[in-house]
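Structure first, commentary second.
The values are calculated or read from the model by the stated rules, or taken from the named source; none is laboratory data. The model shown is predicted, which means the values in this text are computed figures rather than measured ones. So basically every Cβ, Gly included, is an ideal-geometry build from the backbone, and we count neighbours across all protein chains shown. Please note that ligands, DNA and RNA were not included when accessible areas were found on the heavy atoms of the full protein model with its side chains. Shrake-Rupley method; radii C 1.70, N 1.55, O 1.52, S 1.80 Å.
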Amino acid sequence: MEDLAAPAPSSAGFTYTVATSQMMGLAVILVVGAWMGVYRGGIAWESPELQFNIHPLCMIIGMVFLQGDALLVYRIFRNESKRSTKILHGLLHALALVIALVGLIAVFEYHKKKSFQNMYSLHSWCGIAAFSFYLLQVIYKNIEQHYAQDRSQWHSTH
């Protein structure tokens, strides 16, 4: 039977698309940073008003920019070794998770200091659902990867 695989698309268009997405992502981070810094007074963990400003910046960096970059790693670095791309993929996901967690902690701490109710809007519930599903996915894939390595080691020795 003949190989019916589609030919590889031109990488020039993909390169420009990735470059554009990276510039747009960095522009969004800069705009949100400027919004928090200039128009909302800055960011600081000690001040309740400024602590809240950490939330949007961390969510954009973690849940949008870094998570998106982690997903693109295998396409961008397709000529690199599988091991190095896996490590970069995992590190970007871990960093995205930690930064998003900092953003969540910041908003919950802000609500606690101001005696505001938590989880009072659709935004809150959708955000917690998105973060929870992301966390569950990372946990599941790490467990799955661990068992896949165990199986491959078992098959190589037996």
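Cβ neighbours within 10 Å, averaged per peptide: list 76-88, 106-118 in order, most packed at the top.
106-118, 76-88
Semi-axes of the equivalent ellipsoid for region 1-114, please: Cα gyration tensor eigenvalues, times 5, square-rooted, ordered largest first, whole Å.
With the √(5λ) rule applied to region 1-114, the semi-axes are 37, 16, 10 Å.
Placing +1 at every Lys and Arg Cβ and -1 at every Asp and Glu Cβ, with all other atoms neutral, what dipole size does region 28-158 have around its Cα centre, in debye to the nearest 20?
Magnitude of the dipole: close to 240 debye.
So how much slack lies between Ser81 and Arg40, counting 0.36 nm per residue of separation and subtracting their Cα-Cα distance, in nm?
Contour length minus the Cα-Cα distance gives 10.3 nm.
As a test of the formula, what do you get for the chain when each DSSP H run with n ≥ 4 contributes -39,500 (n - 2.57) and the sum is divided by the residue count, at 222 nm and rounded to the nearest 500 deg cm²/dmol?
-24500 deg cm²/dmol
Looking at Ile143, Ile99, Phe77, which one has the Cα that reaches farthest to the positive end of the dipole of region 32-153 (charges on Cβ: Lys, Arg +1; Asp, Glu -1)?
Phe77
For the Cα atoms of the chain, what angle does the longest principal axis make with the long axis of helix 11-34, in degrees from 0 to 90, nearest 10?
So the helix axis and the longest Cα principal axis differ by about 20 degrees.
How large, in percent, is the carbon and sulfur part of the accessible surface of the chain at a probe radius of 1.4 Å?
Reported share for carbon and sulfur atoms: 68 percent.
Work the Kirkwood hydrodynamic radius out for region 24-66: mean of 1/r over every pair of different alpha-carbon atoms, inverted, in Å.
Result for region 24-66 stands at 10.3 Å.
Leaving out ligands and nucleic acids, note down the accessible area per residue over the chain with a 1.4 angstrom probe, in whole Å².
With the other protein chains kept in place, the chain gives 71 Å² per residue.
Take the Cβ-Cβ distance between Gln149 and Leu101 as r, set R0 to 25 Å, and report the resulting FRET efficiency rounded to the nearest 0.05.
Once rounded, the FRET efficiency stands at 0.40.
Students often forget the sequence filter, so: which lysines lie under 21 Å Cα-Cα from Lys82 once same-chain residues fewer than 8 apart are removed?
Leaving aside lysines fewer than 8 places away in the same chain, those within reach of Lys82 are Lys141.
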